[in-house]
1. For residue 49, what residues show an amide H to amide H distance below 5 Å, using hydrogens built from the backbone and excluding near sequence neighbours?
2. Using a Gaussian network model of the chain with C-alpha springs under 10 Å, which one of 91, 69, 124 is most mobile by mean-square fluctuation?
3. Can you give the helix-only mean residue ellipticity at 222 nm for the chain, where every DSSP H stretch with n ≥ 4 adds -39500 (n - 2.57) and the sum goes over all residues, rounded to the nearest 500 deg cm²/dmol?
4. Comparing 41, 82, 128, which has the greatest mean-square fluctuation in the GNM of the chain with Cα pairs linked when under 10 Å apart?
5. With θ taken as phi - 60° and the coefficients 6.51, -1.76 and 1.60, list the Karplus ³J(HN,Hα) couplings across the stretch 55-68 in order, rounded to whole Hz; mark glycine and proline as x.
6. So if each residue of separation counts as 0.36 nm, and I subtract the Cα-Cα distance between residue 78 and residue 22, what length gain in nm does that give?
7. Would you mind telling me the share, in percent, of accessible area of the stretch 6-90 contributed by carbon and sulfur at probe 1.4 angstrom?
8. Quickly work out the residue 116-to-residue 33 label distance, labels modelled 7 Å from Cα along the C-beta direction, and quote it in nm with one decimal.
Amino acid sequence: MLVNCNSISGKDVPEKQRFSGESAATDYSPLVIGREYFVFAIIFYANRIDYLISPDNSAPMWVPSCLFSVVDSRLNSNFHAAFIDKNSPFSWLCENYGARFIVGYQKITESFEHFIGLIERNESDLVAFSKQKSLIDF
């Protein structure tokens with residue numbers, strides 16, 4: 001899936017969709033308006049959808065989908081999917097943020113530890129992500 005960045009401003013994320021720590025002043029740099037990004041995973045929450053993208057020279061980041069328009073809606077043929085509920089490895093996201101479903105490369109759909117490791121910039125998780133990124137034919 002390929003998306004085009006239309007905004008990097010929290011003001012373009014509806015207030016009811018913002019998570020704790022996000023506000024109208026949130027800046028989603030290093031995204032670049034007008035730039036296209038490959039989507040490595042998609043997580044569906046009760047009130048929003050986030051994309052996992054990888055800006056140039058930056059670690060991957062989860063970003064609200066409302067900041068993008070879809071250029072190519074085809075999903076990678078190697079993507080996996082998983083329901084998220086209170087009995088899944090992602091139960092914390094379900095209970096605290098309303099996460100319901102995740103689609104992406106296998107490790108991101110099966111390992112909450114990897115999910116958190118990317119956010120926390122854990123070296124081994126960034127290496128695992130880079131390996132997945134290298135397999136994608138843009």
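1. The answer is 65, 66.
2. 124
3. -6500 deg cm²/dmol
4. Its mean-square fluctuation being the largest, the pick is 128.
5. Values per residue, Gly and Pro as x: x, 3, 6, 9, 5, x, 8, 8, 9, x, 5, 5, 8, 10 Hz.
6. Going from the current span to full extension adds 17.0 nm.
7. Of all accessible area on the stretch 6-90, carbon and sulfur atoms account for 48 percent.
8. 3.7
The values are calculated or read from the model by the stated rules, or taken from the named source; none is laboratory data. Note that the coordinates shown come from a computational prediction; the quantities given were computed from them, not determined experimentally. Quick reminder, even Gly has a Cβ in these numbers, built from the backbone with ideal geometry, and neighbours come from all protein chains shown. The area values use the complete protein model at the heavy-atom level, side chains included, leaving out ligands, DNA and RNA. Shrake-Rupley method; radii C 1.70, N 1.55, O 1.52, S 1.80 Å.
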